[in-house]
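Below you'll find the structure, written out as structure tokens, and then a few comments.
Quick note: the coordinates plus some simple rules give every number you see, no bench work behind them. Predicted model, so just to flag it, every value in this text is computed and none were measured. Note that each Cβ is placed from the backbone with ideal geometry, even for glycine, and that neighbours are counted across all protein chains shown.
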Amino acid sequence: MVSSAPAGSKEKSDFSAAGSRMPMSAEVIDRIEESGKVFTLRLRLSNPEQRHAYRFEPGQFNMLYLHGVGEVAISIASDPSRPGLLGHTIRRAGRVTEAMARLPAGGRVGLRGPFGRPWPLSQAEGSDVLVITGGLGCAPVVGVINYVLKHRQLYGKLTIIQGVKHAEDLIWQDQYNHWRTMPNTQVLLAADHGGPLWPFHVGMVTEVFDKAHIDPADTTVMMCGPEPMMIAGVNDLLKLGLSEQSIYLSMERNMQCAVGHCGHCMFGAQFVCRQGPIFNYPDLKALLGTRGF
């Protein structure tokens, strides 16, 4: 089942998949320790021709490969207007990511991509944009935020809502502070457990929705994070009067091939690596929270 208002063109997704099955060599330009669990690798394709030809859109992902270790799907967190330098913010969560965390500047990885459908930035033109993230899942929407801020005349109010479990889980606080200074932009942060120096909301991320002054008739929602959080967020947004068609979600599944062959990322009849990772809510609402999917 494909969305009647797809987040990105099928042609772009198929072209990327057909042209990116063999890893390209990429050099680690630098590594940034974001927190005890999270790091960012900034990569540059080694081949100048491949580097010049590479393009991506916010919401797409790459497959990063370490010889002798394995391959993982990682969202592209950098600026689409600067495709020569690719940022990937990664959580240490297994053998491959632990090995990548030890890569020095000058190290090399294999890179396949970009894959997947991007966020619906063209469809959102003329409307307010509400970005909601939870946990450590903010990387898929960084490109959205930067794109909207660089094309400010195309969009209405930009609202950024980020929730974390513990205050120390928040990464990129300087970036959030910078976004807060931008015109017609609101940033709301929440932590389930705030520390003594946490100056923002303490509680569930959905509890700050009423502070966002959302216009239900003129808002496009782009949300990513843990699935239970997204389900709760969608339910609250629908109660506020937003339409199901205005809500888009970034889904995470075990993507091993990225071209719809292995079947590991099947979500019902859909492949997250091909029809996603960005989905319009009506296309997957029947499967959200269902055991086995």
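Structure above, values below:
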item: Segment 255-271 - phi-based ³J(HN,Hα) in whole Hz, Karplus 6.51/-1.76/1.60, Gly and Pro as x; result: 8, 10, 10, 6, 10, x, 9, 7, x, 5, 9, 4, 10, x, 8, 9, 9
item: Two-site FRET efficiency, His213 against Ser46, from Cβ-Cβ distance with R₀ of 51 Å, rounded to 0.05; result: 0.60
item: Most fluctuating residue given options Gly84, Gly116, Gly106, as computed from a GNM of the chain linking Cα atoms under 10 Å; result: Gly106
item: Positive minus negative residues near Cys257 (Lys, Arg vs Asp, Glu; Cβ under 13 Å); result: +3
item: Antiparallel bridges, percent of DSSP beta bridges restricted to segment 128-283 (to nearest 5); result: 15 percent
item: Net lengthening on full extension, Ala105/Lys285 (0.36 nm per residue, minus Cα-Cα); result: 60.6 nm
item: Length-normalised contact order for segment 128-283 - Cα pairs under 8 Å, 6+ apart - percent; result: 21 percent
item: More than 22 Å apart - percent of Cα-Cα pairs taken over segment 10-115; result: 23 percent
item: Percent of beta bridges antiparallel (DSSP, the chain, rounded to nearest 5); result: 55 percent
item: Computed log₁₀ I(q)/I(0) - Debye formula, equal Cα scatterers, no solvent, the chain, q 0.08, 0.09, 0.16 Å⁻¹; result: -0.32, -0.41, -1.39
item: Spin-label model distance (nm) - Arg82 vs Leu149, 7 Å beyond Cα toward Cβ; result: 1.2 nm
item: Of Lys37/Lys211; Lys239/Lys285; Lys37/Lys239, pairs whose Cα-Cα distance is over 25 Å; result: Lys37/Lys211; Lys37/Lys239
item: Top of Cys257, Cys138, Cys273 by mean-square fluctuation, Gaussian network on the chain, Cα under 10 Å; result: Cys257
item: Cβ charges +1 (Lys, Arg) and -1 (Asp, Glu), total dipole of segment 128-283, debye; result: 360 debye
